[in-house]
Amino acid sequence: MKIILKVLLYIVLGILALCISEMLFFFILIHSNNTEKGNKTVIMKTDSIAHSKALVVYQPSLMTDSTKNVAYDLAKGLNSKGYDVTIAYPGKYLSTDLSTYKVVVFGSPIYIGQTSSVLNDYIKSVNNLKDQKILLFVTGGADDSEQLNSLEKLFTNAEIPMKISFKYNDKGNENKAFNLGSEIGKE
Ligand SMILES: Cc1cc2nc3c(=O)[nH]c(=O)nc-3n(C[C@H](O)[C@H](O)[C@H](O)COP(=O)(O)O)c2cc1C
């Protein structure tokens, strides 16, 4: 009887430890998604004489790189159409005057039904978004993401942006993002 109780106690403690570590894991991921990652700006230069400018702002992840990969593939597509593409993390360090860009892309992963609050705050802070082409993208487990509609609502003064969701483990993402980038990059 004593042994059975002991085994039961170990099982309960094991389940408890599992629940706590899972909650901790979730907490760390969500916290990371809502934390500024500092100034990391990469510029993809073009040889084109036109030198149109595009900006891709995305929230990077702690664990995997789905959002980063989509951001870079979109940037490569835009670059192939003659754009100098600036790729940056959202945050207070980033200029809120985006008037020099012809195309602006915003992207975030979805964790527990939420896009990154850092990206949301950045979108709310930007101005001079009147004539640009705007693309919103999210990466997540779902095919279609209602979070895109929430992101869209943050644009009060700009034109309705284009929206697209990427399933994080989809092998076609690379082509999909590149093609979309070059499509948007067309005059
Ligand atoms: C703890 C956790 C919660 C998640 N919650 C959602 C969710 O609510 N909706 C969704 O579509 N995807 C969800 N996902 C899937 C992530 O959004 C997906 O892995 C995303 O592509 C990660 O992007 P990243 O690699 O840039 O971090 C979740 C993943 C994890 C690990």
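The values are calculated or read from the model by the stated rules, or taken from the named source; none is laboratory data. Note that the coordinates shown come from a computational prediction; the quantities given were computed from them, not determined experimentally. Quick reminder, even Gly has a Cβ in these numbers, built from the backbone with ideal geometry, and neighbours come from all protein chains shown. The protein model used for the area step is the full one, side chains on, heavy atoms only, and it has no ligands, DNA or RNA in it. Shrake-Rupley method; radii C 1.70, N 1.55, O 1.52, S 1.80 Å.
Quick notes
- Residues being polar (S, T, N, Q) and within 16 Å of the ligand (Cβ to nearest atom) - total across segment 96-108: 1
- Residues located in segment 130-155, provided they are within 13 Å of the ligand (Cβ to nearest atom), of a type in the set (D, E, K, R) and either assigned to a strand (DSSP E or B) or at pLDDT below 80 (or both): D143, D144
- Of all residues making up segment 58-81, the number that are of a type outside the set (V, I, T), open to solvent by less than 10 Å² (accessible area, probe 1.4 Å) and more than 13 Å from I110 (Cα to Cα): 5
- Scanning segment 156-181 for residues that are away from the ligand (no atom under 16 Å from the Cβ) and out of contact with any Leu (no Cβ under 7 Å at 6 or more places or on another chain) yields T156, E159, I160, N175, F178, N179.
- Segment 156-187, subset outside any strand (DSSP E or B) and either small (G, A, S) or at positive phi (or both), residue surrounded by the most Cβ atoms within 10 Å (Cβ to Cβ): G181
- Scanning segment 109-129 for residues that are within 10 Å of the ligand (Cβ to nearest atom), hydrophobic (A, V, I, L, M, F, W, C) and buried (at least 20 other Cβ atoms within 10 Å of the Cβ) yields one hit, I110.
- Segment 23-57, residues that are open to solvent by 50 Å² or more (accessible area, probe 1.4 Å), out of contact with any helix residue (DSSP H, G or I) (no Cβ under 6 Å at 6 or more places or on another chain) and closer than 26 Å to G181 by Cα: K37, N39, K40, T41, I43, K45, D47, I49, A50, H51, K53
- Residues in segment 41-95 that are part of a loop (DSSP other than H, G, I, E, B), within 14 Å of the ligand (Cβ to nearest atom) and touching a residue at least 24 places away in the same chain (Cβ under 8 Å): Q59, P60, S61, L62, M63, T64, Y89, P90.
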